[in-house]
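First up is the structure itself, then whatever we jot down about it.
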Amino acid sequence: MAYQILTDSSADLTAREITDAGVQIVPLVLHFRGQELRNPGEAEIRAFYAALRAGEPATTSAANPEDWAAVMEPVLQAGEDVLVLAFSSGLSTTCQSARIAAGDLQETYPDRKILVSDTLCASRGQGLLVWYAARKRQEGMDIDTLYAWAEETKLRLCHWFTVDDLMFLKRGGRISATTAVVGSMLNIKPVLHVDDEGHLINVGKVRGRKASLDALVRKAEELGDPESLADTVFLCHGDCVEDAEYVAARMKEKFGTRTISIGYTGAVIGAHSGPGTLALFFLGKHR
């Protein structure tokens with residue numbers, strides 16, 4: 001039976017990746033400069049980061065059940081099943097909304113399968129899981145087997161972040177005001193990851209930006225699956241592409257990684273982590 005893979009825009013997939021993977025996207029909303037932007041392009045994301053640097057406010061909203069139903073129902077009407085790989089429930093109500101929509105639509109389309117996986121992933125970590133899933137679908141994996149694969153694999157999808165401006169973590173309640181002020185004075189950079197419950201957790205700190213970027217590569221060496229590291233990793237950046245390219249070069253040098261895809265950290269995470277966010281995503285032994 002034919003089926004479609006759906007995810008949401010917090011996966012931060014590039015337009016090319018969406019097309020190549022053949023997946024459909026349910027948008028979250030960026031509230032910025034009096035507008036509601038559902039699919040901000042690269043120019044709008046750059047303006048968003050410039051605004052954050054200038055102290056302008058920006059907020060985001062989760063996808064609601066109606067948003068999910070609007071994308072799910074045409075697929076079901078076409079006689080196809082649906083596999084949803086949704087943004088972490090530890091960071092958003094987006095997955096809960098997908099499940100509500102699935103439950104409602106299941107009554108109308110009882111012969112269709114609607115499977116929803118809480119990926120416990122964020123940003124291009126979620127995107128990398130979706131990318132692998134799309135590749136397995138192209139190889140012929142059926143929907144039930146792919147759902148089981150996603151459930152088994154998601155806690156091996158490693159997310160390692162650093163940020164450049166501690167004040168954004170302070171505003172989001174991730175660190176105290178004292179830690180932010182003292183850390184900024186001492187040029188301390190945090191090292192964070194997404195844990196097994198899908199939460200963004202501060203797990204370490206180093207002194208200096210370059211050291212924080214190198215720390216991400218060391219985490220790949222410590223936790224990464226060698227075959228996957230040699231195959232594909234994803235990077236995202238909060239308007240600091242040169243830092244992403246530095247990490248990409250280190251990954252190629254150290255692991256011979258064949259495919260390194262770089263994209264923007266979208267507004268959903270970027271509004272809380274700020275400009276200068278840099279994240280590395282790869283499959284590992286565990287998170």
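Taking the Cβ of Arg137 as the centre, find all other residues whose Cβ is under 15 Å away and add up their charges (Lys, Arg: +1; Asp, Glu: -1).
Within the 15 Å Cβ shell, the charges total -4.
Express the relative contact order of the chain as a whole percentage, based on alpha carbon pairs under 8 Å and six or more residues apart in sequence.
Relative contact order, the chain: 21 percent.
Rounded to a whole number, what is D in µm²/s for region 1-158 from Stokes-Einstein with the Kirkwood radius over alpha-carbon pairs (25 °C, 0.890 mPa s)?
This corresponds to a translational diffusion coefficient of 152 µm²/s.
As an exercise, identify the GluC sites (Glu not before Pro) in region 93-167 lying in DSSP coil whose Cβ has no more than 11 other Cβ atoms within 10 Å.
Loop-located and lightly packed - Glu139.
Using the C-alpha gyration tensor of region 13-88, what are the square roots of 5 times its eigenvalues, in whole angstrom, with the largest one first?
Over the Cα atoms of region 13-88, the ellipsoid semi-axes are 29, 15, 9 Å.
I'd like to know which of Ile260, Gly204, Thr145 lies farthest towards the positive end of the charge dipole of the chain, counting +1 on Cβ of Lys and Arg and -1 on Cβ of Asp and Glu.
Most positive-ward Cα: Gly204.
With r as the distance between the Cβ atoms of Asp214 and Asn187 and R0 = 25 Å, compute the FRET efficiency 1/(1 + (r/R0)^6) and round to 0.05.
0.95
For the chain, modelled as a GNM with alpha-carbon contacts under 10 angstrom, which of Asn202, Asn64, Asn187 fluctuates the most?
Asn187
Suppose we look only past 33 Å in the calculated P(r) of the chain. What percent of the Cα-Cα pairs does that tail hold?
20 percent
Could you check the simple spin-label distance between Thr108 and Asp196, using points 7 Å along Cα→Cβ, in nm with one decimal?
For the pair Thr108/Asp196, the computed spacing is 3.9 nm.
Of all DSSP beta bridges located in the chain, what percent are antiparallel, nearest 5?
60 percent
Return the equivalent ellipsoid semi-axes of region 193-287 as a descending list in whole Å, where each equals the square root of 5 times an eigenvalue of the C-alpha gyration tensor.
20, 16, 13
What accessible area, in Å² to the nearest ten, does a 1.4 Å probe give for Met72?
0 Å²
What FRET efficiency comes out for Thr19 versus Glu253 if R0 is 25 angstrom and r is the Cβ-Cβ distance? Round to the nearest 0.05.
Computed FRET efficiency for Thr19 and Glu253: 0.25.
Counting other Cβ atoms within 10 Å, which trypsin sites (Lys or Arg not before Pro) in region 35-111 have at most 16 and lie in a DSSP loop?
Hits after loop and neighbour filter: Arg38.
Which residue fluctuates the most in the chain, going by a Gaussian network model with Cα springs under 10 Å, if the choices are Ala244, Ala43, Ala98?
The residue with the greatest mean-square fluctuation here is Ala43.
Where Lys and Arg each count +1 and Asp and Glu each count -1, what net charge lies around Arg33 among other residues with Cβ under 12 Å from its Cβ?
Once all neighbours under 12 Å are counted, the net charge is -3.
Say we join alpha carbon atoms closer than 10 Å with springs in a Gaussian network model of the chain; which of Ala150, Ala271, Ala70 then has the biggest fluctuation?
It is Ala70.
Please report the equivalent ellipsoid semi-axes of region 51-123, computed as sqrt(5 x eigenvalue) of the Cα gyration tensor, largest first, in whole Å.
Square roots of five times the eigenvalues give 29, 13, 10 Å.
Between Glu73 and Ala230, how many nm apart are label points set 7 Å from Cα along the C-beta direction?
4.9 nm
The values are calculated or read from the model by the stated rules, or taken from the named source; none is laboratory data. Just so we're clear, the structure is a prediction, and the values are computed from it rather than from any experiment. We place every Cβ from the backbone using ideal geometry, glycine too, and count neighbours over all the protein chains shown. To get the accessible areas, we keep the full protein, side chains included, count just its heavy atoms, and leave off ligands, DNA and RNA. Shrake-Rupley method; radii C 1.70, N 1.55, O 1.52, S 1.80 Å.
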